[in-house]
Amino acid sequence: MAERKVRVRFAPSPTGALHIGGVRTALYNYLFARQHGGEFIFRIEDTDSNRFVPGAEEYIIESFKWLGIHFDEGVSFGGEHGPYRQSERRDIYKKYVQQLLDAGKAYIAFDTPEELDAKRADIQNFQYDASTRLMMRNSLSLSQEEVKSLIDSGHQYVVRFKIEPGEDVCVHDMIRGDVVINSSILDDKVLYKSADELPTYHLANIVDDHLMEVTHVIRGEEWLPSAPLHVLLYRAFGWEDTMPSFAHLPLLLKPDGKGKLSKRDGDRLGFPVFPLEWHDPKSGEVSSGYRESGYLPEAVLNFLALLGWNPGTEQEIMSLDEMIRLFDITKCSKAGARFDYVKGMWFNKEYILLKDNKELAPAFDEILRANGIGASMEQVEAVVGMMKMKKINFIKDLWPLCDFFFIAPENYTYDDKFVRKNWNETTSADMKELAGVLSALDDFSVESQQKAVEKWVETTGKKPWNPWRVALVGTGKGPDMYELSAFLGKEETLRRINKAIEILK
RNA sequence: GGCGCUUUCGUCUAGCGGCUAGGACACAUGCCUCUCACGCAUGGAACACGGGUUCGAUUCCCGUAGGCGCUACCA
């Protein structure tokens, strides 16, 4: 087989918001494509008209835009292999289904859903396969005339794949190695539905991956059981020589308890499971998103990348470029990974520390405005710079930690405990002295204050910092006192000191 | 029920026959220090179980148990 250009795809169904597990699958595909100089395709698998949700497709595109994951071709990105929306490929599928029918590798079945339900109720573990298909109503059990007359009289029918029993089918998985399943346990899957005149996932998937020249299929582990069916389909079409390689990713599990990660877990434990806020058009329900919750996209990607893969070194913080360089699909873990959202928050904290104040400022400015505070961008940047190394995971956590920059302590109350510890009978007098030292300064910069105050400290032996903090902040938090005073300015600093002397005596 | 995948600290994981089983999150303690933090240091904490193979198994094989997934005219 000739070396082919690497082409991978992410192919979600537009049935709602994009689940965070889907984001990880897309990320792994993206990393794989980029590190091989390949192409990344965005395909919409909307073959189930019943589950179509308006707005979902746009939501998914917007999500990847925010995350910084780019597609080379696909829905809304163009390309030579379109259309990329399966609902627009009906004629293509029809042709290939006919090919299978003509070759005797698929057959027509007239059994109605009701009849199938009855069969399943009747027979324990009923499966539509080689052992049962002759008792059903299909083109294998019926005569040609009967089939023709049923079709002519307008009976609905599906097309089923004719699985030959007793054969070991091997799927080579890049993560798990060879997985062998005997074809006898496979059922004659419906390839083409009667209801909406569209193929099922299995058929559409194989036809599209072939036509779009996909070389590697990287998808969730839930597809592993049907992978042998897919291999059989490639064979039936005679496409085995260009069949893509497979990699089935381990699933994301609940942070606690049993089962896979669900939207409910996010609601229950208080973390988002969707990249962006999602407004469900049917229920009207609103679900939180990583973007709106204050996560940086880089942090989300870094966190997700390490849920099931790691570079084999002790490095955890990685840019997207580094991930592309270091990623190795064969080194992915095989077992499901509990979704440790607390670690996700830690990644966000690390990325906040890494970011420039300038980049962080707009987000904090938004928080300030929401709290009725108007400040210049320079001020906002300065506060972010002084406060970002505090105990915060999100920019929004900053506000309760540094409201004192904008609201004087007398307007909300001093913290009793901190005051008792740091303010006694002699403190007022010390603070008066400190106010004197500070008011003598023309230059109120950090350096100038430090020079003056430390000179005074040296000669008097006073320790003014904590009482000073009481006066300016009201409690035991905040940045360096010189920085804080410099930010507040001479006038406000002196005003707060005098106010504290007046109130606390 | 059937089939498949899977199993190292609470969690994410490193390990690819011989290690005091390493790192990170979380937690605790200490140092630093004008507060809170940041940073640094330290600590507790794991090879599911039973058989093999081998001089020697966390590592290879087979069972058992647990976990996860699939078992639709959904993807």
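Observations
Residue by residue, here is whether (1) assigned by TED's automatic domain parsing to the domain that holds A:Phe274; (2) in a loop (DSSP other than H, G, I, E, B); (3) away from RNA strand B (no atom under 16 Å from the Cβ); (4) out of contact with any strand residue (DSSP E or B) (no Cβ under 8 Å at 6 or more places or on another chain) holds:
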residue: A:Pro12; (1), (2), (3), (4): no, yes, no, no
residue: A:Ala26; (1), (2), (3), (4): no, no, no, no
residue: A:Asn29; (1), (2), (3), (4): no, no, no, no
residue: A:Ala33; (1), (2), (3), (4): no, no, yes, no
residue: A:Gly37; (1), (2), (3), (4): no, yes, yes, yes
residue: A:Ile41; (1), (2), (3), (4): no, no, no, no
residue: A:Tyr59; (1), (2), (3), (4): no, no, no, no
residue: A:Glu62; (1), (2), (3), (4): no, no, yes, yes
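- In the condition set (1) more than 16 Å from RNA strand B (Cβ to nearest atom); (2) outside any loop (DSSP other than H, G, I, E, B); (3) assigned by TED's automatic domain parsing to the domain that holds A:Lys65, A:Phe246 is compliant with all but (1).
- Leading residue by the ranking (surrounded by the most Cβ atoms within 10 Å (Cβ to Cβ)) among those in the range A:330-363 that are more than 15 Å from A:Tyr295 (Cβ to Cβ) and touching a helix residue (DSSP H, G or I) at 6+ places or on another chain (Cβ under 7 Å): A:Ala361
- Scanning the range A:319-329 for residues that are surrounded by fewer than 18 Cβ atoms within 10 Å (Cβ to Cβ) and either in contact with a Pro (Cβ under 7 Å, 6 or more places away or on another chain) or not in a loop (DSSP other than H, G, I, E, B) (or both) turns up A:Asp321, A:Glu322, A:Ile324, A:Arg325.
- Criterion applied to A:Lys390, A:Lys505 was being away from RNA strand B (no atom under 12 Å from the Cβ), surrounded by fewer than 16 Cβ atoms within 10 Å (Cβ to Cβ) and not small (Gly, Ala, Ser), and the one residue passing it is A:Lys505.
- Scanning the range A:337-359 finds no residues that are of a type in the set (Val, Ile, Thr), assigned to a loop (DSSP other than H, G, I, E, B) and farther than 30 Å from A:Lys463 by Cα.
- Scanning the range A:257-305 for residues that are acidic (Asp, Glu), in contact (Cβ under 8 Å) with a residue 24 or more places away in the chain and out of contact with any strand residue (DSSP E or B) (no Cβ under 8 Å at 6 or more places or on another chain) turns up A:Asp265, A:Glu298.
- Residue match in the range A:285-294 (condition: on the phi < 0 side of the Ramachandran plot and assigned to a helix (DSSP H, G or I)): no
- Every condition in (1) under 22 Å from A:Lys65 (Cα atoms); (2) near RNA strand B (Cβ under 8 Å from one of its atoms); (3) surrounded by fewer than 17 Cβ atoms within 10 Å (Cβ to Cβ) holds for A:Glu316 except the one numbered (1).
- Within the range A:173-193, residues that are farther than 27 Å from A:Gly336 by Cα reach partners that are more than 7 Å from RNA strand B (Cβ to nearest atom) and of a type in the set (Gly, Ala, Ser) with beta carbons closer than 7 Å, at six or more positions or on different chains, in the pairs A:Ser184/A:Gly166; A:Leu191/A:Ala106.
- Which listed residue is under 19 Å from A:Leu296 (Cα atoms), out of contact with any His (no Cβ under 8 Å at 6 or more places or on another chain) and acidic (Asp, Glu), from A:Glu3, A:Glu39, A:Glu57, A:Glu62: A:Glu62
- Filter pass, A:Val231 being assigned to a strand (DSSP E or B), in contact (Cβ under 8 Å) with a residue 12 or more places away in the chain and more than 19 Å from the chain's Cα centre (by Cα): no
- Matching residues, the range A:398-416, being in contact (Cβ under 8 Å) with a residue 24 or more places away in the chain and outside any loop (DSSP other than H, G, I, E, B): A:Leu398, A:Trp399, A:Leu401, A:Cys402, A:Asp403, A:Phe404, A:Phe405, A:Pro409, A:Glu410
- Qualifying residue in the range A:483-491 (condition: surrounded by fewer than 23 Cβ atoms within 10 Å (Cβ to Cβ), among the polar types (S, T, N, Q) and under 23 Å from A:Gly385 (Cα atoms)): no
- Among the residues of the range A:193-218, none is identified as more than 8 Å from RNA strand B (Cβ to nearest atom), among the hydroxyl-bearing types (Ser, Thr, Tyr) and in contact with a Leu (Cβ under 7 Å, 6 or more places away or on another chain).
- Test for A:Ala236: is it outside any helix (DSSP H, G or I) and more than 11 Å from RNA strand B (Cβ to nearest atom): no
- Restricted to helices (runs of 4 or more DSSP H) entirely inside the range A:85-155, those with at least 2 residues that are away from RNA strand B (no atom under 11 Å from the Cβ) and among the small types (Gly, Ala, Ser) are A:113-122.
The values are calculated or read from the model by the stated rules, or taken from the named source; none is laboratory data. All figures in this text were calculated on a predicted structure; none of them were measured in a lab. All Cβ positions, glycine included, derive from the backbone under ideal geometry; neighbour counts span all protein chains shown.
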